[in-house]
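Chemist: Handing you a structure now.
We did not get these values from a lab; they are worked out from the coordinates using the rules stated. Predicted, not measured: the structure shown is a model, and the values here were computed from it. Because the Cβ atoms are built from the backbone with ideal geometry, glycine has one as well, and the counts that use them run over all protein chains shown.
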Amino acid sequence: MSELAIDAAPDRVRVSGSLGFTTPVAALRDADRVVAGAARGTVATVDLAGIDGADSATLAILLAWSAHARRNGAHLRYVNMPDDLGALARLADATELLDGPR
């Protein structure tokens, strides 16, 4: 597993590396960096193509990031979600929480 990296730019955030049980505390601390990519009243795209696998902790982290964004008046939309993470989100009935507004 590789170290978590977050590359935040206006309206686009790229996440790569390990994001799951091995990194939940550090990842939650990075919520401000993720949300920095979303200005108040906008939707930022969070690209998950570079993450190494996914588990229930990954889903919890993404939900926490989304909640943090909403508290700051922004929204996140996740793209390139690994299939196993998408399946877990559907199982948990959490897909709408991860999609952001349309």
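Chemist: Nearest 5 is fine: what % of DSSP beta bridges in the chain come out antiparallel, could you say?
Modeler: Values: 5 of 15 bridges.
DSSP beta bridges in the chain are roughly 35 percent antiparallel.
Chemist: Pick out, from A9, G53, A89, the residue whose Cα sits farthest towards the positive end of the charge dipole of region 5-99, with +1 on the Cβ of Lys and Arg and -1 on the Cβ of Asp and Glu.
Modeler: Farthest along the dipole direction, towards plus: A9.
Chemist: Now for a different question. Taking springs between alpha-carbon atoms closer than 10 angstrom, which of L19, L91, L62 fluctuates most in the Gaussian network model of the chain?
Modeler: Residue with maximal mean-square fluctuation among L19, L91, L62: L91.
Chemist: Placing +1 at every Lys and Arg Cβ and -1 at every Asp and Glu Cβ, with all other atoms neutral, what dipole size does the chain have around its Cα centre, in debye to the nearest 20? Mind showing how you got there, number by number?
Modeler: Numbers: 10 positive and 13 negative charges, 97 e Å.
So the magnitude is around 460 debye.
Chemist: Which cross-chain or sequence-distant (5 or more) residues have an amide H under 5 Å from the amide H of R77, H modelled 1.01 Å from N in plane?
Modeler: A44, T45, V46
Chemist: I've got another one for you. Could you run the Karplus curve 6.51 cos²θ - 1.76 cosθ + 1.60 with θ = phi - 60° over region 57-67 and give me ³J(HN,Hα) per residue in whole Hz, x for Gly and Pro?
Modeler: 5, 4, 4, 4, 5, 5, 5, 5, 4, 4, 5
Chemist: Determine the calculated [θ] at 222 nm for the chain from helices alone, applying -39500 (n - 2.57) to every DSSP H run no shorter than 4 residues and normalising by the residue count; nearest 500 deg cm²/dmol.
Modeler: Details: 5 runs with 41 residues, N = 102.
Mean residue ellipticity, 222 nm, calculated: -11000 deg cm²/dmol.
Chemist: Taking N as the number of residues in the chain, what is its alpha-carbon radius of gyration divided by 2.2 N^0.38 Å? Don't jump to the answer; show the numbers that get you there.
Modeler: Details: Rg = 12.1 Å, N = 102, 2.2 N^0.38 = 12.8 Å.
Taking N as the residue count of the chain, the ratio is 0.95.
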